[in-house]
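Colleague: One structure, pasted below without further comment.
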Amino acid sequence: MANDSFVNQLKQQAKEAADKAIQAMKEAEAAQKAIDDADNFKKISALKTLHVLQDAVEKLIKHGLLNLDRAEVYLTKYILVYGREKTINEYLRLGALLLTQENFGVESTTARYGNKGLLWHGKSYESAEALYAAVQDVIGDDPLEHVQWIYSILDSVFSNDPSAIVYACSTPERFEAYANLYQREVREAKEPLSVPDLSQITTDDAFLLSSFFGQF
């Protein structure tokens with residue numbers, strides 16, 4: 001009888017321990033679910049907030065009212081939600097939207113936009129570089145740090161089919177191919193010229209190259 005009592009006691013203790021373990025597991029699962037729910041809520045909230053900001057920014061561009069403060073708020077939220085690479089794409093899209101917008105987009109008073117004939121938001125710009133600086137005044141410093149993508153947008157704007165880039169600018173997803181192209185063109189523009197080793201050319205040729213590049 002004593003042995004039976006001891007065995008029953010052990011069984012009871014084991015059951016209590018098992019019940020506690022199950023309860024602890026349930027509490028841990030509930031806590032994790034609460035964390036997951038909170039994280040999901042934050043993600044959903046961030047996406048909804050970003051979509052509101054995106055709609056607002058596009059409307060501001062449409063009416064010529066986007067400014068640096070609002071652009072920075074939008075892009076700061078964008079990078080938190082989507083990361084740096086997609087934010088660079090969105091930065092380029094904003095630049096393209098500014099220059100292709102129906103009522104406030106860039107124009108040229110000359111047949112070729114490089115001939116000091118650029119007009120944008122009621123101001124004249126003598127070069128793509130000057131326009132590039134003006135665009136940065138609206139959407140912030142260029143993360144690519146190179147004017148090439150402005151040239152690329154201008155090429156599209158003044159092409160035989162400017163509607164293609166206008167359509168691409170309508171959503172980030174449609175613009176992705178353009179953004180990838182622009183970034184590739186920037187990388188290529190940043191690549192230094194291939195200059196031969198001095199041992200491979202004559203002294204006169206070396207002097208010629210030195211003089212030529214020294215003029216830049």
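Colleague: Tell me which label goes with the value of Rg/Rh (Cα atoms, Kirkwood Rh) computed from the coordinates here: (1) 1.37; (2) 0.95; (3) 1.06.
Modeller: Step by step, Rg/Rh (Cα atoms, Kirkwood Rh) for this structure corresponds to label (1).
Colleague: Give me the percent of the accessible area of the chain that comes from carbon and sulfur atoms, probe 1.4 Å, all protein chains in place.
Modeller: Carbon and sulfur together cover 55 percent of it.
Colleague: Taking H as built 1.01 Å from N, whose amide H comes closer than 5 Å to the amide H of Leu118, not counting residues under 5 places away?
Modeller: Thr109, Tyr125
Colleague: Determine the dipole magnitude for the chain: charges of +1 sit on the beta-carbon of Lys and Arg, -1 on that of Asp and Glu, nothing else is charged, the reference point is the Cα centre, and the result goes in debye to the nearest 20.
Modeller: 800 debye
Colleague: What does the highest-first list of 144-156, 123-135 look like by mean Cβ count within 10 Å?
Modeller: The peptides rank, most packed first, as 144-156, 123-135.
Colleague: Which of the lysines could a cross-linker span from Lys43 if the Cα-Cα distance has to be under 30 Å and same-chain partners fewer than 8 positions apart are dropped?
Modeller: In chain and number order, the partners are Lys26, Lys33, Lys59, Lys62, Lys77, Lys86.
Colleague: Let me ask another. So, by mean Cβ neighbours within 10 angstrom, what's the order for 90-99, 195-204, 174-183 with the highest one leading?
Modeller: Ranked by mean Cβ neighbours within 10 Å, highest first: 90-99, 174-183, 195-204.
Colleague: Another one. How high is the relative contact order of the range 109-180, in percent, counting Cα pairs under 8 Å that sit 6 or more residues apart?
Modeller: 15 percent.
Colleague: A follow-up question, please. For the chain, what does the accessible surface come to per residue with a 1.4 Å probe? Please give it in Å².
Modeller: Working: 14540 Å² over 216 residues.
The answer is 67 Å² per residue.
The values are calculated or read from the model by the stated rules, or taken from the named source; none is laboratory data. The model shown is predicted, which means the values in this text are computed figures rather than measured ones. Note: ideal-geometry Cβ built from the backbone for every residue, glycine included; neighbour counts use all protein chains shown. To get the accessible areas, we keep the full protein, side chains included, count just its heavy atoms, and leave off ligands, DNA and RNA. Shrake-Rupley method; radii C 1.70, N 1.55, O 1.52, S 1.80 Å.
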